[in-house]
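Just below is one structure, and these are the notes that go with it.
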Amino acid sequence: MMRPLPNSTEASLGRAIEALGGERFEVTLYQWLARCYEIDNTTMLAYFQNRAPEVLFTQSMQPRVHDQIFSTYLAGAYLVDPFYTLHLERAPAGLYRMQDIAPDHFQRNEYYATYYRATTLVDEIAYVAYSAEGVSVHIGLGRDAASGRRFSPRDIAEAERITPIVCGLIAQNWASLKSGGDFNDEALLDVLIAELRAVHDIALSPRQAQIALMILRGHSSVSIALRLEISAQTVKVFRKQLYRKCAISSQAELFSLVMPLLSQKLA
C-alpha cells in the first residue's frame, strides 16, 4: 500500500493539479516536488523529433546551473546528452538517474568537460513521459554546488514512489505539444556522414560514424563493443580508421570537428 503523503505535500499537489494547463503549472509542480524531497534545481525540457528541445521552466539557487543552457545545450550539445538518448530510444516513461544511464566514460568526454561540469551538478534525476507523438517531456531535478550533496537512497525512494503521479501530470499538461518527423540515431548518423563529406570531404562508413557518435556520448571501447556485439579490438580498429580519416588524435578534437556540423544542421 502506498504511504500517505504529508498534509502539506498533499495540498501542494492539489495546487499543481488545479494549475494544469495554466501559466503557473510548472511553478506549482516544482513546489510540490520540492516538498517531497530536497531539490537544488529543476530543468523542464521538451524533446522533439524535428527540432531542438524547448525549455519549459528552470529554477535554481546556483546561477551556473543554467548559464549555458541556451548558448551551448540548445545550440547542439543536447545531441550527445544521455537524457536525449532516452528520447531517441523511446525509453519507457519513468524515473531515470544520470549515474544509471550515462555511458561508462561520460565524465571523461568533451561534452562533460565543456558543458556538464560547468553546471556544478553533482547528481541528477529526471521524470520522463510522453505527452504527444514524437514528444518527450523531461522534468530534471538536480543537486548542485548549492548543497554539494547527492540524492540519498531515501530521496530516490520518494522520487520513485510518486513517479506515476508526475508522469500522469506531464502527459496531461503538455498534450498540446506537437512534433513531426521520425528522427532517430540512424537519421543522426546520416546527417553526420553527409555533413562531414560536404564540409570537410571526409567519407565515413556507417560503422565509423556510429562509433564516432558513441565516443562523443562517452562510451569506452569496451562499452561500444558490448552494445554493437563486436570485439573491443575491432572497435579500436574502427576508431583508428576514424581518427586517421578525420586527421585528429583525440576525442576532444572529434568533438570540435563534429559538433559544429550537427549543431548548424539540427539545432
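The values are calculated or read from the model by the stated rules, or taken from the named source; none is laboratory data. Model, not experiment: these values are computed from the prediction. Glycine gets a Cβ as well: all are built from the backbone with ideal geometry, and neighbour counts include every protein chain shown. Areas reflect the complete protein model, heavy atoms only, side chains present, ligands, DNA and RNA absent. Shrake-Rupley method; radii C 1.70, N 1.55, O 1.52, S 1.80 Å.
Restricting the search to region 226-246, which residues are open to solvent by 30 Å² or more (accessible area, probe 1.4 Å) and closer than 16 Å to Glu195 by Cα?
Lys245
Taking region 211-252 only, how many residues are more than 23 Å from the chain's Cα centre (by Cα) and in a helix (DSSP H, G or I)?
15
Taking region 99-120, which residues are over 16 Å from Met259 (Cα atoms) and either open to solvent by 30 Å² or more (accessible area, probe 1.4 Å) or among the charged types (D, E, K, R) (or both)?
Gln99, Asp100, Ile101, Asp104, His105, Gln107, Arg108, Arg117, Ala118
When you go through Ala118, Ala52, Ala75 one by one, which is the residue that is in contact (Cβ under 8 Å) with a residue 12 or more places away in the chain, over 28 Å from Ile17 (Cα atoms) and assigned to a helix (DSSP H, G or I)?
Ala118
Being more than 16 Å from the chain's Cα centre (by Cα) and surrounded by 18 or more Cβ atoms within 10 Å (Cβ to Cβ) is the filter here, so list the residues in region 38-58 that pass it.
The answer is Ile39, Asp40.
Please pick out the residue among Ala113, Ala159, Ala132 that is over 30 Å from Ala212 (Cα atoms) and touching a residue at least 60 places away in the same chain (Cβ under 8 Å).
Being over 30 Å from Ala212 (Cα atoms) and touching a residue at least 60 places away in the same chain (Cβ under 8 Å) holds for just one of Ala113, Ala159, Ala132, which is Ala159.
Residues of region 200-210 being surrounded by 13 or more Cβ atoms within 10 Å (Cβ to Cβ) and within 28 Å of the chain's Cα centre (by Cα), which ones?
Within region 200-210, Leu204, Ser205, Arg207, Gln208, Ala209, Gln210 meet the criteria.
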